[in-house]
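Student: Quick one: this structure, given as C-alpha cells, is what I'll be asking you about.
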Amino acid sequence: MQCAECTELLSAYIDDELMRDEEQAVRDHLAACVDCTREEQTLAVTSRRIKDSFMRHSTPDVLKARIRNALAQPDAFSPPAPPARVRPRWPALAAAGIIVAIASSALTATLVRRSSARSTLAAAVTDSHIRSLMPGHLTDVASTNQHQVKPWFNGRVDLSPAVPNLDREGFPLAGGRVDYIDGRTVPVMTYMRREHVINVYARPADGRSSSANESRNGFHLIEWQSGGLDYWAVSDLNSAELEQFIALFKRG
C-alpha cells in the first residue's frame, strides 16, 4: 500500500468503517510508515476532540414521568390510524442527511488541515532552535542591550517584535537573529537562563495560532499571542522556569 492510498483510507480506518482486508492493509502500512502514523494520530486526536465537544442532555424527570404514563394507557401500543393522505418524506430526509454529512466532513477536514499545519509549524520551530545551538548559529547580532537588538530587526523583517529587558529577573538577553520558518522570514530573540538557551520566535497571528504548551525532542515549546503577533518560546529549560520567563516577557 502506498502513502496516498493509506491517507485516503485513514478517516474510515479511525471510524472502523473498512473491510477486514483493507483495515489490515492500513495497519500494516502504519507499522512501517512514520509519516502516515503521524497523520493518523493527528486525525484521531481531532476526531476525538470533535466527538468530546458534542453536547449531551439528560432526560428531565417530568418527561420521564410523561412517557411512563403514556405507556401505561390501554391503547399505548395500538397502531395509529393512517392519515387520509400521506406523502413520503424520505427524499427530504435523505437530502438533509446528505447536507449534514457534507458539512460534518468539511468541518472535520478543515480542523485536520489546521491541526496538521500547526504541527508542521511546531516542528519547524523546534528544528530551527536545534540548528541555533550549533556553533556560530545562535545570534546574528550579539548584544545584551534591547535598544540595539530591537532596531536591528528594522528592514530585515516586516514586523516589530517585543524585546523586553529581563536581566534583573535572571533571563539576560543574548542577542537576535533572523530565521526562515514556514515560508517566511521571522525575528528570533535569544535569552539565557544559566547555561540554557531560550529562543523566542515571532510571526503574524493567523488561523493556526493558539495557546499551547508541548514538548518535542526533549525541548519545551510554549505558544501565545500578544499585539497581533504569535510568539513561540523554545528551550530545554524546565517548564516551570520557562513559564516564568514567558510571564515576565509578556509584562516586559
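Student: Give me the net charge for the shell around VAL188: Cβ to Cβ below 10 angstrom, other residues only, Lys and Arg +1, Asp and Glu -1.
Tutor: Residues near VAL188 contribute -1 overall.
Student: Something else now. Give me the log10 of I(q) over I(0) for segment 186-252 at q = 0.26 Å⁻¹, as the Debye formula computes it from C-alpha points; what are the numbers?
Tutor: -1.28
Student: Okay, next question. Counting only protein heavy atoms and using a 1.4 Å probe, what share of the accessible area of segment 143-252 belongs to carbon plus sulfur, as a whole percent? Present the calculation step by step, with values, prior to reporting the outcome.
Tutor: Values: 2270 of 5040 Å².
Of all accessible area on segment 143-252, carbon and sulfur atoms account for 45 percent.
The values are calculated or read from the model by the stated rules, or taken from the named source; none is laboratory data. All values reported here derive from a predicted model rather than from experimental measurement. Neighbour counts are summed over all protein chains in view; Cβ atoms, including those assigned to glycine, are modelled from backbone coordinates with ideal geometry. Just the protein is used for accessible areas: all its heavy atoms, side chains included, with ligands, DNA and RNA removed. Shrake-Rupley method; radii C 1.70, N 1.55, O 1.52, S 1.80 Å.
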